[in-house]
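The values are calculated or read from the model by the stated rules, or taken from the named source; none is laboratory data. Keep in mind that this is a model prediction, so the values were computed, not measured. With ideal geometry, Cβ positions are generated from the backbone for all residues, glycine too; neighbour counts draw on all protein chains shown. Heavy atoms of the whole protein, side chains included, go into the accessibility calculation; ligands, DNA and RNA do not. Shrake-Rupley method; radii C 1.70, N 1.55, O 1.52, S 1.80 Å.
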Amino acid sequence: MDFNMKKLASDAGIFFTRAVQFTEEKFGQAEKTELDAHFENLLARADSTKNWTEKILRQTEVLLQPNPSARVEEFLYEKLDRKVPSRVTNGELLAQYMAEAASELGPTTPYGKTLIKVAEAEKRLGAAERDFIHTASINFLTPLRNFLEGDWKTISKERRLLQNRRLDLDACKARLKKAKAAEAKATTVPDFQETRPRNYILSASASATLDDTSCPPSWAEWKEEYPGGWRLPCFFLLPLNPSVTRARGCLSLPKDRKLWNDEVDKAEQELRVAQTEFDRQAEVTRLLLEGISSTHVNHLRCLHEFVESQTTYYAQCYRHMLDLQKQLGSSQGAIFPGTFVGTTEPVSPPLSSTSPTTAVATMPVGPSVAGLAPPGEAALRLEVTPPASGTRKARVLYDYEAADSSELALLADELITVYSLPGMDPDWLIGERGNKKGKVPVTYLELLS
């Protein structure tokens, strides 16, 4: 393993510097570079997009798969990059149980026949649900996951880099500020005559070495001439350490001033580099944050596709249940002839209409007609005379297209006359509009008193 000790020490030093800067900012002991208002708005918008995307994704998963154990299993298969096994939907499982029950209880009995019909409808509903879940997962859930696991991770990484660059920049600013303060302090040279004691007498040779500005000779010259640190006849002692402080009343050497000048130059250079890196990282992060608008457009398109798939699913369910209702109504008419209860509480309305006010009414039974054929196209070709009593007005709730010539096409909100005939399917009535007549579904009507 390639172990670079210098790089490790350098990284540790950078980390420590950032930690110190961050702590001082939290305690209000250091200045912090603030981002502009537009950048802060972009950050807030990105955070809000991420939070709401997570919530929408999580709740959509619950909608498509209410079973938490199944969701955990699908998550594990996805992380292991394995195909999720096909799972039977609740509707398909119910259809299987009903079919088995009909087989055991007798498929020729009325109850067994009804079980078989309902099982077939539930099986179709289960297949429609499976298609809806598959379509919604591809067109809606997958783009949301891709954003959270791809684009958002990239944005988060660049934001962390920007935070580190900002800490480095503020640390360089603080270092430059301290270096300039130390330089200003070092350049203030004390007067040698004022800082020496009153009874302090320099020898002639020592006084001669000083110029008119009271600046001492270089440390190398003093050390070369007086290796012991002082001259025996002289009472002036020169310290062996060149770091002379003003607090002790000693002289500030030229090398100290040069040292602080070099420190200031180094701090300014580091500040320029840190500022350049911060500006570059800020621009990269800004571009990524502005890309959130494109993410919104993509999610909007996916949302439209999700609504479209959900609309198709519920439309299929409505058609399947309407067919089942017709089949059960025919069976009920065969089992219980001569009875009709016209309960007009509508089932799920067409997707393009709004739910109307529920109306419940009872249609009276017309007089029996001997030898009347079962309702159908052949029967309706006969001139059916409406009963003298029992006709009622009805308001059409939704548009209805006639499936064949035995049915009457309807338009929403129009008024027609309806009546029933003995032995007729209880889910259907005879409707008249002008000189036209035909079968109309009860669920599309609101009977008026």
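Things worth noting here:
- Sole exception among (1) at pLDDT below 90; (2) hydroxyl-bearing (Ser, Thr, Tyr); (3) part of a helix (DSSP H, G or I) for TYR97, by number: (1)
- Annotation note: of SER103, SER137, the sole residue that is in the same structural domain as LYS55 (by the TED database), among the small types (Gly, Ala, Ser) and open to solvent by 50 Å² or more (accessible area, probe 1.4 Å) is SER103.
- Residue-level check: of (1) under 29 Å from TYR318 (Cβ atoms); (2) at pLDDT 90 or above; (3) open to solvent by 60 Å² or more (accessible area, probe 1.4 Å), ARG71 misses just (2).
- Which numbered condition THR154 misses (of (1) within 30 Å of LEU271 (Cα to Cα); (2) out of contact with any Leu (no Cβ under 8 Å at 6 or more places or on another chain); (3) touching a residue at least 40 places away in the same chain (Cβ under 8 Å)): (2)
- Within the stretch 399-411, residues that are open to solvent by 70 Å² or more (accessible area, probe 1.4 Å) sit with their Cβ atoms under 8 Å from residues that are among the aliphatic types (A, V, I, L, M), at 6+ positions apart or across chains, in these pairs: ASP399/LEU410; ASP399/LEU411; ASP399/ALA412; GLU401/ALA409; SER405/LEU380; LEU411/VAL396.
- Selection from the stretch 402-428 of residues that are of a type in the set (Asp, Glu) and in a loop (DSSP other than H, G, I, E, B): ASP404, ASP413, GLU414, ASP425, ASP427
- Residues in the stretch 78-100 that are open to solvent by 70 Å² or more (accessible area, probe 1.4 Å) and among the small types (Gly, Ala, Ser): 1 in all.
- Set GLU25, GLU40: member being loosely packed, with under 15 Cβ neighbours inside 10 Å and either modelled with pLDDT of 75 or more or in a helix (DSSP H, G or I) (or both): GLU40
- Top-ranked residue in the stretch 283-309 [being of a type in the set (Asp, Glu) and surrounded by 12 or more Cβ atoms within 10 Å (Cβ to Cβ); ranked as farthest from THR142 (Cα to Cα)]: GLU290
- Which listed residue is crowded, with 19+ Cβ neighbours inside 10 Å, within 17 Å of GLU305 (Cα to Cα) and aliphatic (A, V, I, L, M), from LEU115, LEU144: LEU144
- Residue match in the stretch 121-131 (condition: modelled with pLDDT of 90 or more, open to solvent by 60 Å² or more (accessible area, probe 1.4 Å), closer than 22 Å to GLN327 by Cβ and in the same structural domain as LEU57 (by the TED database)): yes
- Verdict on LYS55 being farther than 30 Å from VAL72 by Cα, part of a helix (DSSP H, G or I) and open to solvent by 90 Å² or more (accessible area, probe 1.4 Å): no
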